[in-house]
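Inspection log for the structure reproduced underneath, given as structure tokens.
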Amino acid sequence: VGSNTTASASASASGHGGRGGGEWGASLRGPFYFSAAPSAAEDDNSVVSLFAIADMGEFPDDGWSDMDEEVSTQPALVVSRMMIDEYRQGVANSDGWLLLHNGDISYARGFGAIWHAFFDMVEPLAASMPYMTSIGNHERDFPHSGDRYGGTDSQGECGVPYMMRTPMPRQEAERGGEERRETSSSAEMSSETWPSSGRPGGDKPWYAFDFGPIHFLQMSTEHAFEEGSDQHTFIEDDLSHVDRRVTPFVVVGMHRPMYIDSTFDDPSVNSSDQGVARDLRASLEPLFFEKGVDMTWAGHHHSYQRTCSVYQSRCLKPEAKTGANVAPVHVVMGHAGAGLCTNIESKRPPFFESVEVEHGYTRVQATRDFMELTSVNLQGKVIDKVVIVPSIK
């Protein structure tokens, strides 16, 4: 996402559906333009604001349905309207806004109209700020399609509608089999600007970008992430080149979480919550610890959860002088609309500081000196709040 630039939102926010959003914005049409966050700099004191969500879906508030194939979640509509209202009330209090959505976007699963309905619901936000995403199981997974699990969760979409509708700055497949990194954002790309030599994605939906004082690395838990994989190489290379003087915070976005309070731990299923979490920790936790990642933001489990500063399942004390964490804090934000998951442990794991099974969203404010996450429920009640300061690593 460019800094202090005016970017077109036509790729991510315009022309998606014809049903109006009432007082939240009726039948907006693009292209739309907005200013991205200011450039990060060592002497910059700008404030950036974010909405962080996962596992949203959409709700057809005009009564439309698709033969019970639709994930019709009224909380998604409530959450979207709450975020729209909050943005409109606070737009002048921030130097830049971002909507970050870590997987399970619309739950369309083969029904194109559901993608349209979803973008109609979030259009007032996606037309006003960068809308950055990571891919989830309901966008990507299908047998023999190259994903990590081989499930049927995308119902045959195989990531294609997701990549066409949300063209993030991913790896791009060139003719001749070579790969290059795509640097354009979803706010700057449209079908007219794609290079003729390839299309965004190349089934490598991982990328990184800076937003104010935060460096975001968006990875895919639906593709191989083990050491030796293309994605692991990308992650290690990206984290090795972060300039913490410019972006003092590093956040890794993903769909499936690295730490999870869940009873789903079936060794016969390659996609169980705990099994995947163990795989993520085995492959990436030492690297995240070494490179000083501050937080991971995930979803998949439809709840809100937050760990302590944790490494190898043990809470670590902050640095005595500055209060900076010495290990990542892991946050699950899968409570934005889809049906809640109640399969949590009867006794909370000791490295979790907050576990809430209710719908809502997380708002974030960040400067060079702090990053504050506040999670609220559908009634606007704060269910969790955490503040971190830049890591000493």
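Computed values, structure above
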quantity	calculated
List TYR311, TYR207, ordered by accessible area with a 1.4 Å probe, largest first	TYR311, TYR207
Cα-Cα over 25 Å, subset of LYS317/LYS381; LYS291/LYS321; LYS204/LYS317; LYS291/LYS347	LYS317/LYS381; LYS204/LYS317; LYS291/LYS347
Shape category assigned to the range 333-393 from the gyration tensor of Cα positions, a/c cut at 1.5	oblate
Inter-part distance where the range 224-299 and the range 348-385 are each reduced to a Cα centre, Å	20
Exposure rank, largest accessible area first [VAL91, VAL47; 1.4 Å]	VAL91, VAL47
Per-peptide average of other Cβ atoms within 10 Å, ordering 150-161, 361-372, 232-243 highest first	361-372, 150-161, 232-243
Length released on extending from LYS381 to GLU353, taking residue separation times 0.36 nm less the Cα-Cα span	8.3 nm
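The values are calculated or read from the model by the stated rules, or taken from the named source; none is laboratory data. In this text the structure is predicted, and so the values were computed from the model without any measurement. Because the Cβ atoms are built from the backbone with ideal geometry, glycine has one as well, and the counts that use them run over all protein chains shown. Ligands, DNA and RNA are stripped out before the accessible areas are found, and what is left, the full protein with its side chains, is counted by its heavy atoms. Shrake-Rupley method; radii C 1.70, N 1.55, O 1.52, S 1.80 Å.
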